[in-house]
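The values are calculated or read from the model by the stated rules, or taken from the named source; none is laboratory data. Predicted model only: the values in this text are computed from it and were never measured. Cβ placement follows ideal geometry from the backbone for every residue including glycine, while neighbour counts extend to all protein chains displayed. Ligands, DNA and RNA are stripped out before the accessible areas are found, and what is left, the full protein with its side chains, is counted by its heavy atoms. Shrake-Rupley method; radii C 1.70, N 1.55, O 1.52, S 1.80 Å.
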Amino acid sequence: MTVETFAATGAASSGITLERKTLKALCRRSDLPGLIYLGKWALALVISGYGVYLALGTTWVWLAALIYGTVLSVPVYAMSHETAHGTAFRSRWLNETVMWICALLYLEEPLHRRYTHTNHHTYTWHVGKDSQISDIPMTFPIWLDEVSGFGLIRSHFRILTQLAAARYTETMKSVIPADEFPRLRRNAWCFLGFYVAIGVAIGLGATWLWWFLVLPTLLGRTVMLLFTVIQHVEMAENSPSILNSTRSCKSSPIASFLYLNMENHVEHHLYPQVPFFALPALHRELKDQLPTPDPGFWRTNIEVLSVVMRRSLGRGTKARTIRQAPHMITDGGTAP
Amino acid sequence: MTKEVYVCETADIDEEDVKRFDYEDQTYCVYHTPDGFFASDGYCTHEEQHLEDGIVIDNVIECPLHQGRFDVRSGKALSAPVCVDLKTYPVVIKDGRVYLCLETEPVT
Ligand code: FES
């Protein structure tokens, strides 16, 4: 192949450098951190699930299901993402096993997830090229649709039915090789069959599936989406620089745990080959080259909500405490 | 006809590591794995991403952009998103030096 330059969005296109030896050390794979993580996650699920059990039959069950659902859904998302990259474990079989289980709980066929996620890295936040981009600029109705989880569930079931019916979209055809489609189609049928079986089981009286799986998944997704919505919103679209298109946030230890350190989102996009357990170390290596991370999970989300509400009301959209692309800032009077 | 092109000393590539090698108007990657030295085209077959920043695990090179994986001994694509095999080239080691074996154009 002829020597040529190619600028997928990443460290090179963002002007970020890291010594090769350091990068190699950070990329080192291991099963141990992932296995320890799975152990702690299982423990957290047992404890929070016990809270749901104690609260059954009372109105507290909704709060307990929200907490348990958060412990379930945020790591399901984060682990499905990490295993789609193949970086969660050194052993491939372990990575793929966890990917399948998490994909089943995340409601997305795993190969579809892996293939479509590629253009999110090649063309991060590029309109018409990044299949994970949301409507820009974000308004309150779009925010509500996204954060409520309705948009994602609609999208996941639409994708599963499209795959099952072999109605492949242009986006799918652009990132998935044609000879892979039969596998995706078979998997989509299996996933849909699993979800129908859960529905039937609940209908036949297995209500524990409702309280311990379906309801927590629905409630926990909202919290999960609050993590993901702040990754790129209000940042610059179509920029070659990850520093302009992507946001990192400070984070509490609990949020970092649930999110597999993915609050270091700029760092992840710069070097997607670095596994989740090395992201804090990657942040320390790069911090002099990077903008200061935005405030923590809650403050960043409140600021984003404030901006999108003001945009929908036709008011000024300047954020006070989070990074924002200059063209996202208006004086108001232009309510969409 | 093949020619042997000097790449580097064997000690220049750590075990489980990769080195970029540009020659004439082509680019290659040379790998040092537990099974020895191997070479392939420099670019991933998925998108135009050079493999020089990839990570070598056993006999596998993982692409830095989307983590597609190839067996460097055969060039076989091992996991999505890569599906097309990587072209590989023979490597010979002589006196602690790594040589890449390339086909030469037949003289007409
Ligand atoms: S460019 Fe190599 S896996 Fe996508």
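Values for this structure:
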| item | result |
| --- | --- |
| Prolate/oblate/rounded label for segment B:2-102 (Cα gyration tensor, a/c 1.5) | prolate |
| Length added when fully stretched, A:Leu56-A:Arg186, from 0.36 nm per residue minus Cα-Cα | 43.1 nm |
| Amide H contacts under 5 Å for B:Arg97, placed H, 5+ residues apart | B:Thr10 |
| Three-way shape call for segment A:4-123 based on the alpha-carbon gyration tensor, with the a/c threshold at 1.5 | prolate |
| Net lengthening on full extension, A:Glu170/A:Trp93 (0.36 nm per residue, minus Cα-Cα) | 24.6 nm |
| Extended-chain gain in nm, criterion 0.36 nm per residue less alpha-carbon gap, A:Ser13 and A:Leu38 | 5.5 nm |
| Candidate lysines - alpha carbon under 26 Å from A:Lys287, same-chain residues fewer than 8 apart omitted | A:Lys21, A:Lys24, A:Lys250, A:Lys318 |
| Net dipole in debye of the protein assembly as shown [+1 Lys, Arg Cβ; -1 Asp, Glu Cβ; about Cα centre; nearest 20] | 1840 debye |
| Prolate/oblate/rounded label for chain A (Cα gyration tensor, a/c 1.5) | rounded |
| Cα centroid of segment A:208-270 to Cα centroid of segment A:139-166, whole Å | 17 Å |
| Rounded percent of accessible protein surface that carbon and sulfur make up, the protein assembly as shown, 1.4 Å probe | 61 percent |
| Choice from A:Ile67, A:Ile159, A:Ile47 with maximal GNM fluctuation in chain A (Cα, 10 Å cutoff) | A:Ile47 |
| Relative contact order (%) - chain A, alpha-carbon pairs under 8 angstrom, separation at least six | 23 percent |
| Distant-in-sequence amide H partners of A:Glu234 (H built 1.01 Å from N, under 5 Å) | A:Met138 |
| Within a Gaussian network of chain A (alpha carbon springs, distance under 10 Å), most fluctuating of A:Leu204, A:Leu225, A:Leu290 | A:Leu204 |
